[in-house]
Amino acid sequence: MSLDKNAGALPPPETVTVSTKRVCCDGGGTATGHPRVWMDMGEDMFVDCKYCDRRFILDPNAPEAH
Ligand SMILES: [Zn+2]
């Protein structure tokens with residue numbers, strides 16, 4: 001597991017720090033917007049939105065991070 005999968009060739013995806021492992025994304029209402037979807041990080045500390053490539057990262061200080 002690496003947080004640097006796009007290192008080098010592409011600019012890093014937009015990242016959003018969240019306090020829960022279950023997150024919602026709708027693309028932010030911009031040109032990259034998409035229908036609202038819910039995602040769960042499961043055993044990971046982050047999840048990527050498969051629609052807009054935003055990366056949601058669990059706040060290390062959040063209760064669910066421990
Ligand atoms: Zn999204």
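Read the figures in this text as sums done on the coordinates, not as results from a lab. For clarity, every value in this text was computed on a predicted model and none was experimentally measured. For neighbour counting, all protein chains shown are included, and Cβ atoms are generated from backbone atoms with ideal geometry for every residue, glycine included.
Looking at the stretch 38-57 only, could you name the residues that are acidic (D, E) and either assigned to a strand (DSSP E or B) or touching a Pro at 6+ places or on another chain (Cβ under 7 Å) (or both)? Give the steps one after another, and end with the answer.
Going through the stretch 38-57, the residues acidic (D, E) turn out to be 40, 43-44, 48, 53.
Those that are acidic (D, E) and either assigned to a strand (DSSP E or B) or touching a Pro at 6+ places or on another chain (Cβ under 7 Å) (or both): D40, D48, D53.
Of all residues in the stretch 37-50, which are over 12 Å from C24 (Cβ atoms) and not acidic (D, E)?
Let us first name the residues in the stretch 37-50 that are over 12 Å from C24 (Cβ atoms), namely 41-46, 48, 50.
Once the filter is applied, which keeps residues that are over 12 Å from C24 (Cβ atoms) and not acidic (D, E), the stretch 37-50 yields M41, G42, M45, F46, K50.
As an exercise: evaluate Y51 against (1) more than 10 Å from the ligand (Cβ to nearest atom); (2) surrounded by 13 or more Cβ atoms within 10 Å (Cβ to Cβ); (3) within 14 Å of the chain's Cα centre (by Cα) and give the number of the one condition it does not meet.
(1)
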